[in-house]
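Beneath this line is the structure, given in structure tokens, with notes to follow.
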Amino acid sequence: MSSLLQFDGKITKAGVHLIAYLIKKVPYDTIPNLYRDTPVEMTPCSICKKQHEKLYTFVRKPRGMWGWWVVFHYNGEDQLPDLSIPISLYKLPRDARPMDQEEAEKYWHT
């Protein structure tokens, strides 16, 4: 069984349309030398009025399997992303494009 079975996005001849959001390390105010990951950009949702991470999409062909996990190559490394949720990245791939607002809202509410 493959982790692609958990994926609710697009799969085309070009490859799998991976969904990601950008994060950065932010220091805790109360604990020195300890950092947490936080989204870089949030967008308001017109459906629920909450803030959601700004989503990006990029296409990759699977490079192989590791157990039931599908291996993809981006940002210079082979990665094993959990395809049931958006991928959190410190750096977006060069070909990543922002998802339009309607598509992102639909994704967050499915």
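The values are calculated or read from the model by the stated rules, or taken from the named source; none is laboratory data. Not measured: the values here are computed from a predicted model. Note that we place each Cβ from the backbone using ideal geometry, even for glycine, and neighbour counts take in every protein chain shown.
Somewhere in region 6-29, is a residue touching an Asp or Glu at 6+ places or on another chain (Cβ under 6 Å), of a type outside the set (K, R) and without any contact (Cβ under 8 Å) to a residue 60 or more places away in the chain? No, every residue in region 6-29 fails to be touching an Asp or Glu at 6+ places or on another chain (Cβ under 6 Å), of a type outside the set (K, R) and without any contact (Cβ under 8 Å) to a residue 60 or more places away in the chain. What about Y107, is it touching a strand residue (DSSP E or B) at 6+ places or on another chain (Cβ under 7 Å), modelled with pLDDT under 90 and either hydroxyl-bearing (S, T, Y) or over 15 Å from G9 (Cβ atoms) (or both)? Spelling it out, Y107 is indeed touching a strand residue (DSSP E or B) at 6+ places or on another chain (Cβ under 7 Å), modelled with pLDDT under 90 and either hydroxyl-bearing (S, T, Y) or over 15 Å from G9 (Cβ atoms) (or both). Annotation: of all residues in region 1-38 being part of a strand (DSSP E or B) and hydroxyl-bearing (S, T, Y), the one that is nearest to K106 (Cα to Cα) is Y21. Quick one: is I11 under 17 Å from the mean Cα position of the chain (by Cα), of a type in the set (A, V, I, L, M, F, W, C) and surrounded by 15 or more Cβ atoms within 10 Å (Cβ to Cβ)? Judged against the criteria, I11 is not a match. All conditions but one from (1) among the aliphatic types (A, V, I, L, M); (2) out of contact with any Phe, Trp or Tyr (no Cβ under 6 Å at 6 or more places or on another chain); (3) over 21 Å from D82 (Cβ atoms) apply to I19; the one that does not is (3). If you go through region 38-97 and keep only what is more than 19 Å from Q6 (Cα to Cα), in contact (Cβ under 8 Å) with a residue 60 or more places away in the chain and small (G, A, S), you end up with just A96.
Within region 39-72, being assigned to a strand (DSSP E or B) and either more than 14 Å from the chain's Cα centre (by Cα) or loosely packed, with under 12 Cβ neighbours inside 10 Å (or both) holds for T43, P44, Q51, G64, M65, W66, W69, V70, V71. Remark: pairs (first residue in region 98-110, part of a helix (DSSP H, G or I); second residue surrounded by 16 or more Cβ atoms within 10 Å (Cβ to Cβ); Cβ separation under 6 Å; 6+ apart in sequence or on different chains) = A104/L55; W108/H52.
When the residues of region 15-38 are filtered to those that are closer than 22 Å to M99 by Cα and in contact with a Lys or Arg (Cβ under 8 Å, 6 or more places away or on another chain), the one that is surrounded by the fewest Cβ atoms within 10 Å (Cβ to Cβ) is D37.
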